[in-house]
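Down below is the structure, laid out as structure tokens.
The values are calculated or read from the model by the stated rules, or taken from the named source; none is laboratory data. Just so we're clear, the structure is a prediction, and the values are computed from it rather than from any experiment. A quick note on method: Cβ atoms are made from the backbone with ideal geometry, for glycine too, and the neighbour counts reach across all protein chains shown.
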Amino acid sequence: MARDLAIDLGTANTLVYMKGRGIVLNEPSVIAVNRKSGEVLATGGDALDMIGRTPSYIAAVRPLRGGAITDFDITERMIRLLLQRVGVSRFTRPKVIICVPSAITEVERRAVTDATRRAGASDAQLIEQPMAAAIGANLPIDEPVGNMVIDIGGGTSETAVISLGGVVALEAVRVGSFDIDAAIQNYVRREHGVAIGERTAEAIKIQIGSAEPGPQDREADIRGRDLVTGLPKTVRLTAEEVRFAIDEPVAAIVASVKRCLSKAPPELAQDFLARGMFLVGGGGMLRGLASRIERETEVPVRMSPQPLEAVVLGAGHCIENYQALRGMFMGANRLR
Amino acid sequence: MTAVAFLPVMFTVLACISGSLLLVLVYLDNRNSRIDDSIDAFRRHIDALSPESRRNSVLRGPEDGPRR
């Protein structure tokens, strides 16, 4: 008998929760395939190391962009591999809950469920990421009080107001930490005439990136390819430059949080001032982002103790209580 | 003769009326139970989201599960 699974199929990382066991897999959402034979060569961390460093016959790709499937076949293969790695075979077909962005279209929704069923699931249900994040962050969403959760992922940022087990207001933008990396790449190309890869841009973001000036502002040397000479070149970037470079995506995320606040009913708005907003997702770990949101919205922001795992833990709770919580799944009749 | 011929018709009519009455009662009973069901379902839904219910899954955290 297969154990049922909850999967956070993120743009950046994929996490799998197994019923009764907890998180059993956590790795980057990357797959490397042989273009000639179609064989899978690596997944997860191994495939991540290949990005931007492969010969022409190998493609190391992220099959999801902006929380949506960009390559159906590769996504299906990745899900099939994930299920195999956690012990699912053709004779054991578990129920699977997949966390997806709330702004997903009907076509994208069908693509995810079809890919999961074809990969070996007996039943595939979807749950909105902010809802799963609120459950996983252990917010008191069973009470009639306003709980606000901001989930900043690799490809999407979503803000939701939740009360009495349901979403009251929701705002989502297809801007995430990969857009912040892309903004750094564009800045270095434009201002320094040097091309850098997405992994280098991500490393700069982690090292010296910030959304607000802070006491720990530093500089970093980065290596790339000079666009004029074509030769390797090292340039020095300051924290202030990086802050300037990433201001556009950061401002878009903060603006979406403000829009969600403005959608919330006044009765719940007073709760936010007392209880604050909860930040989850890897993108929320950007230095100074919480304080910038706090400064611009005048509402306290708290970081979840498990920002990377909150979504899959929430979905895992739903798989543990499948019957009682099935009304939460996307497309389900509420509270059947 | 007329009375004897009338009896089956009367029984048929009575059977139809009592059958219809039974259907109406079953429908009303089902309607009531559906309202109760929805209240129970909402209660189960909220209970499943309570901190006590989440203790075993969410609060256990990622440390307890084996990772690859």
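Worth a mention:
- Residue list for the stretch A:73-89, filter: assigned to a loop (DSSP other than H, G, I, E, B) and either within 14 Å of chain B (Cβ to nearest Cβ) or under 18 Å from A:N26 (Cα atoms) (or both): A:V86, A:G87, A:V88
- Residue satisfying all of: in the stretch A:132-145; surrounded by 24 or more Cβ atoms within 10 Å (Cβ to Cβ) and more than 10 Å from chain B (Cβ to nearest Cβ); nearest to A:H317 (Cα to Cα) among these: A:A132
- A:I135 meets the conditions (1) in contact (Cβ under 8 Å) with a residue 60 or more places away in the chain; (2) closer than 30 Å to A:D73 by Cα in every case but one. The failed one is (2).
- Candidates are the residues of the stretch A:146-159 that are more than 15 Å from the chain's Cα centre (by Cα) and not in a loop (DSSP other than H, G, I, E, B); the one that is surrounded by the most Cβ atoms within 10 Å (Cβ to Cβ) is A:M148.
- Selection count, the stretch A:86-102, where residues are surrounded by fewer than 19 Cβ atoms within 10 Å (Cβ to Cβ) and at pLDDT below 85: 5
- Odd one out for A:T229, checked against (1) within 13 Å of chain B (Cβ to nearest Cβ); (2) in a loop (DSSP other than H, G, I, E, B); (3) of a type outside the set (K, R): (1)
- Residue tally, condition touching a residue at least 60 places away in the same chain (Cβ under 8 Å), of a type in the set (V, I, T) and within 14 Å of another protein chain (Cβ to nearest Cβ), over the stretch A:21-72: 2
- Count - residues of the stretch A:31-53 that are within 29 Å of A:G281 (Cα to Cα), in a loop (DSSP other than H, G, I, E, B) and touching a strand residue (DSSP E or B) at 6+ places or on another chain (Cβ under 6 Å): 2
- The stretch A:268-295 - residue that is more than 14 Å from the chain's Cα centre (by Cα) and closer than 21 Å to A:D179 by Cα and, of those, surrounded by the fewest Cβ atoms within 10 Å (Cβ to Cβ): A:S291
- Screening A:A220 with (1) assigned by TED's automatic domain parsing to the domain that holds A:R295; (2) over 30 Å from A:G146 (Cβ atoms) gives one miss only, at (1).
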